[in-house]
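Right, one structure below, let's go through it.
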Amino acid sequence: MQFLIMSFYKDNRALQKRFYDTKKWKQLRKAYLIEHPICERCEAAGIVSVAEHVHHKIELTEENVNNPLITLNPENLEALCFDCHRKEHHNLSEVADDLFFDENGNLRKKVEANQGAIGF
Ligand SMILES: [Zn+2]
Ligand SMILES: [Zn+2]
């Protein structure tokens, strides 16, 4: 059972990484952050924080990753600061200690980071 869960997450992350690497996404993300420079959740609470991540409200899965109405729809996006984004994903995962967000707001394993990316 544990193996099945692990491989599910692995597949999801692989397809998410493929998507977050696309030019279309990088352009949209940039444009979205220019339009929404302030974290939307902090703003709603009256706090001003710089948005660093563009979060998909509906998580990308095998079923929707090819659907631009999910992946590239501004309605499904949320500009978040580092803390709000971390909290959002912490709710989804209790193993957050060995996870982090890269510069694309992508959830990644620290082990993976050591193989190339800079990490925090
Ligand atoms: Zn925030
Ligand atoms: Zn996110």
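Computed from phi, the 3J(HN,Hα) profile of region 25-38 under the Karplus parametrisation 6.51, -1.76, 1.60 (θ = phi - 60°) reads 5, 4, 5, 5, 4, 4, 4, 5, 6, 5, 6, 10, x, 10 Hz, with x in place of Gly and Pro.
Checked against a 20 Å cut-off, the cross-linked pairs 57/87; 26/57; 30/109; 87/109; 24/57 give Cα-Cα distances beyond that limit for 30/109.
Modelled spin-label separation between residue 24 and residue 48, with each label point placed 7 Å from Cα along the Cα-to-Cβ direction: 3.6 nm. Here the 3J(HN,Hα) profile of region 67-83, calculated from phi with Karplus coefficients 6.51, -1.76 and 1.60 at θ = phi - 60°, is 9, x, 5, 9, 6, 10, 8, x, 5, 9, 10, 8, 7, 10, 6, 4, 5 Hz, Gly and Pro shown as x. Here the simple spin-label model places points 7 Å from the Cα toward Cβ, and for residue 69 and residue 87 these points are separated by 3.2 nm.
Here, each number is a calculation from the coordinates, and none is a lab measurement. This is a predicted model, so every value here is computed, not measured. All Cβ positions, even for glycine, are placed from backbone atoms using ideal geometry, and neighbour counts span all protein chains on display.
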